[in-house]
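Comments concern the structure below.
The values are calculated or read from the model by the stated rules, or taken from the named source; none is laboratory data. Note that the structure is predicted; figures quoted are calculated from it, not measured. For accessibility, only protein heavy atoms count, side chains too; no ligands or nucleic acids. Shrake-Rupley method; radii C 1.70, N 1.55, O 1.52, S 1.80 Å.
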Amino acid sequence: MRFPSSTVSAFLASAAFFSSPFGCQAFSPISQVSTTTKMKTSLFSTTEESKATSGMSKKKEDRLNFMKSDQFHRRGFKEVRSQVEQDIENQFQAKIVNELKESNYMIENKDAGVKVYLAKDFGFCWGVERSIALAYEAVQHYPDRTLHITNELIHNPEVNDRLTEMKVNLIQKVGEGQKDFSTINEGDVVILPAFGASYEEMEMLDKKNVEVVDTTCPWVSKVWNTVDMHQRKGLTSVIHGKYGHEETIATTSFCEDYICVKDMREAEMVADYMLNGGDKEEFLKYFSKAISKGFDPDTMLTKVGLANQTTMYKKETKAIGQLFQKTMMKKYGPAEVDQHYMEFDTICDATQERQDAVSELVENAEKYGLDFILVVGGWDSSNTAHLLEIPHMAGIRSFHINRAGCIGADNTITHRTVDGEIVTEPFLLDLDKDVVMGVTSGASTPDAAVQDSLSQIFLLKQLKKEGQS
């Protein structure tokens, strides 16, 4: 269980002191702006004058001004915290997972004939724990209000289903990149998910008389600070991420000029254009959904800064950074490279730790005698998908499931492949043989989901044994 008693308060408090690498403490204590419930003045700046004096972009200044409103909440609600801690403990407790951690990350269920090796870093990160705690506290704090959330809180079906049970309304998508905010009325409460919200959504909510509960992970805000630095230095932001992912949508909304690359292949396409130019029309067509309005590769790729979606594969982000650095060095010379390229590491520590831990499982697969590795987490979870890629690239049989129900009583497994396809296939190839498996889970996956998945496998094997007796 990832929620020991009395730690939720620490998670919430820690965000208040999460400093950006540029000296701006977006999560430090800030003064409150006096507003009334019924008379709310827009806090977004309307002139460029402040930009010249504040040393930050207009969009960042707007965001920080919005956060000063007394209708904007990001530290939770202490009067309901103890009850929320207990609710979270009850929902996500996992006896089997606790036994694994207490037994050097390995247990053997001899009755079922299953040995399990658990990755040493797995499951909920503190940013996700904080986000869940804030959302649950909002529900308890506003029992008589209508609550909405602008997107799934995190990429985990159990957690999102629980919020639905709590009567939190998920804002519906009405086409590509569009949402229906017409259901939000004056006096309602709007929760911003762990991925954050776009500049346009914040601006829209600023104009409504609503309470906003911000559960954005501080690591995501760190990326926003990075792209703000790019703008102030006149750089185009190159975002290593998936342009349709909620986090990247929010990040690009705080950029002026940007291009998204999802992998090394696309980064190489951009680097080649930087050096050699090319078919501009074809380039723009390929990246049409991944670039800012009016993007011109002939003028906007001469000075770039790299940032990334926090859940990407860190080794690939580093390799992409080296590629762009070498490209600029080749084009402008070593003495000028710093004038044309800048990068900051914005990969979440928890993402890297989970990738390293599953890599360790892979490295010891032969020693342990692993038959397969099970990856548990939301199918739309980027960080979980990258965990699957590691054993897949090593040639180890592996499965990414989003909940225990993916393991069928007929010994089939429904899983997401590395290509994003959902398939169903036979699972345990020989039910008579003892099973040795590895297991890990994404940063938005509760321990209870891992426990339920393991219980399904134990049950499959036990039923087979009982049938033979």
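For segment 311-316, take each phi angle, set θ = phi - 60°, evaluate the Karplus expression 6.51 cos²θ - 1.76 cosθ + 1.60, and give the result in whole Hz per residue in order, putting x for glycine and proline.
Taking θ as phi minus 60°, the curve returns 9, 6, 6, 4, 4, 6 Hz for segment 311-316.
Over segment 234-317, average the accessible area per residue using a 1.4 Å probe and give it in Å², no decimals. Intermediate results must be reported in sequence, preceding the final value.
Working: 3470 Å² over 84 residues.
The answer is 41 Å² per residue.
By a straight-distance test (C-alpha under 19 Å), which lysines pair with Lys95 as possible cross-link partners, with residues fewer than eight away in the same chain excluded?
Within the straight-line cut-off, Lys95 pairs with Lys110, Lys115, Lys120.
I need the phi-derived Karplus couplings for segment 424-441: 6.51 cos²θ - 1.76 cosθ + 1.60, θ = phi - 60°, integer Hz, Gly and Pro marked x.
Computed from phi, the couplings for segment 424-441 are 10, 8, x, 9, 7, 5, 9, 5, 7, 8, 4, 10, 10, 9, x, 8, 8, 8 Hz.
Could you go through segment 352-364 in sequence order and give the Karplus-derived ³J(HN,Hα) for each residue, using 6.51 cos²θ - 1.76 cosθ + 1.60 with θ = phi - 60°, rounded to whole Hz, and x for Gly and Pro?
5, 4, 6, 5, 5, 5, 6, 4, 5, 4, 4, 5, 9
Amide H to amide H, which residues 5 or more places from Ala443 or on other chains are under 5 Å from it, using H placed in the peptide plane?
For Ala443, the qualifying residues are Thr384.
With the full set of protein chains in place, find how many percent of the accessible area of the chain is carbon and sulfur; take the probe as 1.4 Å. Show your work: numbers first, answer last.
Details: 9840 of 20470 Å².
Ligands and nucleic acids excluded, carbon and sulfur reach 48 percent.
Return the lysines within reach of Lys326: Cα separation strictly under 23 angstrom, same-chain partners fewer than 8 residues apart disregarded; answer none if there are no such residues.
Hits, sequence-local ones excluded: Lys233, Lys262, Lys280, Lys303, Lys314, Lys315, Lys318.
How many Å² of accessible area per residue for segment 393-469, probe 1.4 Å? Don't skip to the answer; put the middle values down first.
Working: 3390 Å² over 77 residues.
Result: 44 Å² of accessible area for each residue.
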